[in-house]
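Q: Sharing a structure with you now.
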């Protein structure tokens, strides 16, 4: 009689069929859920199992147990009445042998077995040892394959070939061989227009987005409105910047350099520029627990980047550099792009909610002519009135003149300026209580390393049965909390050290630039130069309830005071 028969009084044999496939596996090998389920149905029918439920985890990694499908399986087993949970391969349950072991023990406590069609052992100690060894070998094979794939991609890039040429930079397409780029003239014309708007016509990013929207130009992803981040990334993308042969000598490998034409210019696509890690994060919602993908990106050291030549995009180098200089200088970023806004970009802030005062423009008829007015206002107050009630607006020209008068008066006294800068740096250094931020960061990094080692020991204890899954989860959560604190300390210390270094650099640069400058020349500094000085001294302008503006900086209050009265604009 088959396993499913229960005419002799035995309980029916009930099975859950489980299938999982990660996104990478789907793309790489077409390892489909349906194929797995078909094999499991056939096995269950042959063995006479009554199938309670078919559960799938599409696009889920086996490196974690945090999966919606696996949660469902564990809930059903916990409820009782499940004889066996079936999967096609052992690594469908978990890719980590320790997790597989924990699931097996958890299910056995509920009278349920964990079975895979590729099990090679049995329930004897010798059989479990065989499966354990095979699990470790499979893990080693996966690691070896991943490393072989990674090194293969690096070698391909070093030979001048584009890795995954189907996902090209906007304005290019894969060539006939699929190993390089060629210019897509229709899309590249849009790229050239973006550079021309920013670098030649001095249009800000908002102005570019508005122009593309008016012209009905779809985004690279097919949306109607372009995102600021996409436009900014495009300006800094070296694939669009022409590089001379001399520049390419510093970037390309000798093998790749030998294949380029010394009389031509090329763009450069960089491979291996980012380190990307993705993990599943459980989020509890009113509708139940869901899992979201959390991606962390980090830019690698430039020495690890691999340059690959691509066809010239047809954008003059001067235009590219002008566009980058405009973005780097944080020039006009408002919708009113016909003037330079000296106090935008976070310098001028609302005293009501603390957010940046936005640049705006309006029209009014005067004497039959259309007159344009430029002013600052709190954007948040107009969009979130319940959270900010500050309604005052400020004429841009009058405010910028008054702020510069306060700052320039201080710049005309070099001795006072230097004393203020020294005091600012000294106070910032004292915040570290006399400790070297880099040394402190090193100690916290050692702590993180110790926590990682402790995590490994807990996992080994769980694999050996010294602690159960609940205890392992509790210990790992404690370690994760400690690690988050340590990582936060490291970030804070590194930022503090970098800020201190920048402040010293800014002090020297500012004093050096003013050494030969006369008071008259200070008065004649351009708006771009004024803004650069504001950024160097950490200028902050804040609105007051009576319409005045308080101006201060990182010079410990030595140079600036209240600018007032600045009457609000009538608009």
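Q: Please rank 188, 70, 357, 461, fewest neighbouring Cβ atoms within 10 Å first, as an exposure proxy. Write out the running numbers ahead of the final one.
A: Details: 188 20, 70 23, 357 31, 461 15.
Final ranking by Cβ density, sparse to dense: 461, 188, 70, 357.
Q: Also, quick follow-up: Mind checking the full-extension length gain between residue 508 and residue 473? Use 0.36 nm per residue of separation minus the Cα-Cα distance, one decimal, nm. Intermediate values should be presented prior to the final figure.
A: Details: separation 35, 0.36 × 35 = 12.60 nm, distance 5.26 nm.
Result for the pair: 7.3 nm of gain on full extension.
Q: Taking the Cα-to-Cβ direction at residue 261 and at residue 304 and moving 7 Å from each Cα, how far apart do the two end points lie in nm?
A: 3.6 nm
Q: Next up: Taking the Cα atoms of the stretch 172-328 alone, what are Rg (to one decimal) and Dmax (as a whole number) in Å?
A: Considering the stretch 172-328 through its Cα atoms, Rg and Dmax are 18.8, 64 Å.
Q: Just want the ordering: 378, 353, from fewest to most Cβ atoms lying within 10 Å of their own Cβ.
A: Working: 378 26, 353 16.
The fewest-first ordering by Cβ neighbours comes to 353, 378.
Q: Hey, another quick one. Starting from the Cα gyration tensor of the stretch 14-119, take the square roots of the eigenvalues, sort them a ≥ b ≥ c, and report rounded, prolate or oblate (rounded when a/c is under 1.5, otherwise prolate if a/b is larger than b/c, else oblate).
A: Working: a/c = 1.78, a/b = 1.22, b/c = 1.46.
Note, shape of the stretch 14-119 comes out oblate.
Q: I've got another one for you. Mind sorting 117, 86 by how few other Cβ atoms lie within 10 Å of their own Cβ, fewest first? All intermediate terms of the calculation are to be shown ahead of the outcome.
A: Details: 117 15, 86 26.
Ranking 117, 86 by Cβ neighbours within 10 Å, fewest first, gives 117, 86.
Q: Still on this structure, I have one more. Mind giving me the FRET efficiency for residue 520 and residue 361? R0 is 22 Å, r the Cβ-Cβ distance, nearest 0.05 is fine. Walk me through the numbers before you get to the answer.
A: Numbers: r = 32 Å, r/R0 = 1.44.
Efficiency computed from Cβ-Cβ geometry: 0.10.
Q: Could you work out the relative contact order of the stretch 337-389, using alpha carbon pairs under 8 angstrom and six or more residues apart, expressed as a whole percent? Display every interim value, and only then the final one.
A: Values: 65 pairs, mean separation 14.9, N = 53.
With pairs under 8 Å counted, the relative contact order is 28 percent.
Q: So, one more: Full extension from residue 425 to residue 405: what is 0.36 nm times the residue separation minus their Cα-Cα distance, to one decimal in nm? Spell out each step's value before the answer.
A: On the way: separation 20, 0.36 × 20 = 7.20 nm, distance 2.44 nm.
Stretched out fully, the residue 425 to residue 405 stretch lengthens by 4.8 nm.
Coordinate-derived values only; no laboratory data. The structure presented is a predicted model; accordingly, all values stated were derived computationally and were not measured. With ideal geometry, Cβ positions are generated from the backbone for all residues, glycine too; neighbour counts draw on all protein chains shown.
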